[in-house]
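Visitor: Below: one structure in structure tokens.
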């Protein structure tokens, strides 16, 4: 399942993804405690300006495991409904920040990877 985020400010989205992410593994060696600046977020987005399929692809940023991809499809922007290495609460907080409402139950949540949830995507 994908979540449409068309119209979301990608700079602010990038900054929030970074804020909600934590260092993992060897990322701890590169971890910085400060928030992502607007210039840093712009630089991460600008890498994909010419790509017709991806608007943003964050893996590790300053040691934080961001693990977020924003896809382009037919002029719209989408993210996956599961956020790798993040909790349902973190995904919900990200969506709530940008007033993205999902009509799903949070019992399992849209980031749940149980067999039933994967089968229904």
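Values in this text are rule-based calculations from the coordinates and carry no lab data. Because the structure is predicted, anything quoted here is derived from the model rather than measured. Quick reminder, even Gly has a Cβ in these numbers, built from the backbone with ideal geometry, and neighbours come from all protein chains shown.
Visitor: So for the pair residue 54, residue 6, with labels modelled 7 Å out along Cα→Cβ, what separation do we get in nm?
Guide: For the pair residue 54/residue 6, the computed spacing is 2.2 nm.
Visitor: Subtracting the Cα-Cα distance from 0.36 nm times the residue separation, let me have the gained length for residue 102 to residue 42 in nm, one decimal.
Guide: 18.9 nm
Visitor: With the cut-off at 1.5 for a/c, could you classify the range 39-81 from its C-alpha gyration tensor as rounded, prolate or oblate?
Guide: oblate
Visitor: Given a Förster distance of 30 angstrom, what is the FRET efficiency for residue 30 paired with residue 87, based on the Cβ-Cβ distance and rounded to 0.05?
Guide: Efficiency for this residue pair is about 0.85.
Visitor: Quick check: pseudo-label points 7 Å beyond the Cα along Cα→Cβ at residue 74 and residue 119, how many nm apart are they?
Guide: 2.8
Visitor: Let a ≥ b ≥ c be the square roots of the eigenvalues of the Cα gyration tensor of the range 1-105; is it rounded (a/c under 1.5), or, if not, prolate (a/b larger than b/c) or oblate?
Guide: Since a/c reaches 1.5 but b/c is at least a/b, the shape of the range 1-105 is classed as oblate.
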